[in-house]
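Peer 1: Once you've had a glance at the structure underneath, I'll fire off some questions.
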Amino acid sequence: MFYRDERLALFIDGSNLYAAAKALGFDIDYKLLRQEFMRRGKLLRAFYYTALLENDDYSPIRPLVDWLNYNGFTMVTKPAKEYTDSQGRRKVKGNMDIELTVDAMELAPHVDHIVLFSGDGDFRPLVESLQRQGVRVSVVSTIRSQPPMIADELRRQADNFIELDELREVIGRPPREPREEPASAQMADERD
């Protein structure tokens, strides 16, 4: 439930929201997402959290990060850490939980309602603390994927759970098909 005169802030755990939408088979249109929540209340801030690989010349998420930065989102990024696990597999670690938590706690005195786009159960104590400060908290994730993308304890703690799949018509677009190279590029490869 939203009230038109309440001050809202969005906190988007980028990798978590991406994984939930992918599990449901659609992509998020962030322009529509921002418009939807501007319609629901007085949107003060929309934060987007993601880790970036610093040694990659081109990151597939870079165009999204740049677009969000120019279109009203407050971007919070940090370098992801690369490591090799015990089986020799390359892994990337880029947890943004602390940054999101600190920002939410700092903003709490200035908002009435926080919308958290994450299903990560580690955020349950944050939600509880925000509620003690008089802030209402809605959590957006999904229980319709297998397995569900939201931790049960987070869903129970939230004032309101918003099923991401029910927002599909409002903020979603079909997943993009992999882009094919133009025929001229394919011909050039064949000549080499």
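Peer 1: Per residue, what volume in Å³ does the Cα convex hull of the chain take up?
Peer 2: So the per-residue hull volume is 163 Å³.
Peer 1: Which lysines, on any chain, are close to LYS42 with Cα under 21 Å apart, when same-chain ones fewer than 8 places away are left out?
Peer 2: Output for LYS42: LYS31.
Peer 1: Which of the trypsin sites (Lys or Arg not before Pro) found in the stretch 83-134 are loop residues per DSSP with 15 or fewer other Cβ atoms within 10 Å of their Cβ?
Peer 2: ARG89
Peer 1: Please state the charge dipole magnitude for the chain, taken about the Cα centre, from unit charges on C-beta atoms (+1 on K and R, -1 on D and E), reported in debye and rounded to the nearest 20.
Peer 2: 520
Peer 1: In cubic angstrom, how much convex hull volume per residue do the alpha carbon atoms of the stretch 1-94 span?
Peer 2: Cα convex hull per residue, to the nearest whole number: 126 Å³.
Peer 1: Would you calculate a helix-derived [θ] at 222 nm for the chain, using -39,500 (n - 2.57) for each DSSP H run of n ≥ 4 and dividing by the full residue count, to the nearest 500?
Peer 2: Taken over the chain, the calculation gives -10000 deg cm²/dmol.
Peer 1: What share of Cα pairs, in percent, lie more than 15 angstrom apart in the stretch 46-116?
Peer 2: Summing the P(r) tail past 15 Å for the stretch 46-116 gives 63 percent.
Peer 1: Order PHE2, PHE47 by their accessible area, 1.4 angstrom probe, all chains in place, largest first.
Peer 2: Sorted by accessible area, descending: PHE2, PHE47.
Peer 1: Roughly how far apart, in whole Å, are the Cα centres of the stretch 21-45 and the stretch 52-96?
Peer 2: Distance between centres, Cα-based: 21 Å.
Peer 1: Using only Cα atoms, tell me the angle between helix 97-107 and the longest principal axis of the chain; keep it within 0 to 90° and round to the nearest 10.
Peer 2: 40
Peer 1: If you keep only loop residues by DSSP, which trypsin sites (Lys or Arg not before Pro) in the stretch 1-66 have at most 15 other Cβ atoms within 10 Å of their Cβ?
Peer 2: ARG4
The values are calculated or read from the model by the stated rules, or taken from the named source; none is laboratory data. Just so it is clear, the structure is predicted and the values come from calculations on it, not from any experiment. Cβ coordinates were reconstructed from backbone atoms using ideal geometry, including for glycine residues, and neighbour counts include every protein chain displayed. Calculation scope for accessible area: heavy atoms of the full protein, side chains included, ligands and nucleic acids excluded. Shrake-Rupley method; radii C 1.70, N 1.55, O 1.52, S 1.80 Å.
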